[in-house]
Amino acid sequence: MRELRFNFRGIVYRVNEQGCIATPATEGFSETWVFLGGSRHHWSRSIDVPLEQAFDVPARLNGCLGWDKDHSTVRHWGGSFNGRLPRITGAHILETTDIRS
């Protein structure tokens with residue numbers, strides 16, 4: 001099993017191959033909270049790096065803003081973090097045999 005992991009706003013996000021998201025604040029992967037990908041520009045209204053590409057080359061997500069779907073609502077991540085627009089950093093793939101890791 002492969003997991004996509006990255007940092008956003010100081011939080012480590014874990015994403016499985018179906019796009020389900022887990023954070024330190026959640027218990028396991030959420031079935032209703034799905035990562036869709038990332039966009040490079042804060043004005044963008046479309047995803048530049050979809051989930052499949054992020055799993056192929058995770059470094060493409062670095063510097064992107066995230067997109068997700070939560071309870072059927074598509075959201076573009078934003079806000080501010082340390083006075084700046086937050087971006088995805090440290091994206092990488094972790095190969096794991098234990099889904100709880």
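Roughly how large, in nm² to one decimal, is the mean projection of the convex hull of the alpha-carbon atoms in the chain? Each step should come with its number before you reach the end.
On the way: hull surface 24.5 nm².
Over all viewing directions, the chain projects a mean Cα-hull area of 6.1 nm².
The chain: longest stretch without exposed GluC sites (Glu not before Pro) (DSSP loop, at most 10 other Cβ within 10 Å), sites themselves excluded?
Counting at most 10 other Cβ atoms within 10 Å as exposed, the longest clean stretch of the chain is 32-101.
How large is the helix-only mean residue ellipticity at 222 nm for the chain, computed as the sum of -39500 (n - 2.57) over DSSP H runs with n ≥ 4, divided by its residue count, in deg cm²/dmol to the nearest 500?
Computed ellipticity for the chain at 222 nm equals -1500 deg cm²/dmol.
Residue farthest toward the positive end of the dipole of the chain, with Cβ of Lys/Arg at +1 and Asp/Glu at -1: which of Cys20, Trp77, Phe35?
Of Cys20, Trp77, Phe35, it is Trp77.
Kirkwood hydrodynamic radius for segment 42-101: how many Å is it when counted over pairs of different Cα atoms?
Taking every pair of different Cα atoms in segment 42-101, averaging 1/r and inverting gives 13.2 Å.
Read-outs throughout are calculated quantities, based only on the coordinates presented, and are distinct from any laboratory measurement. Computed from a prediction, not measured in an experiment: that's the story for all the values here. Methodologically, a virtual Cβ is constructed for each residue, glycine included, from the backbone with ideal geometry; neighbour enumeration extends over all protein chains shown.
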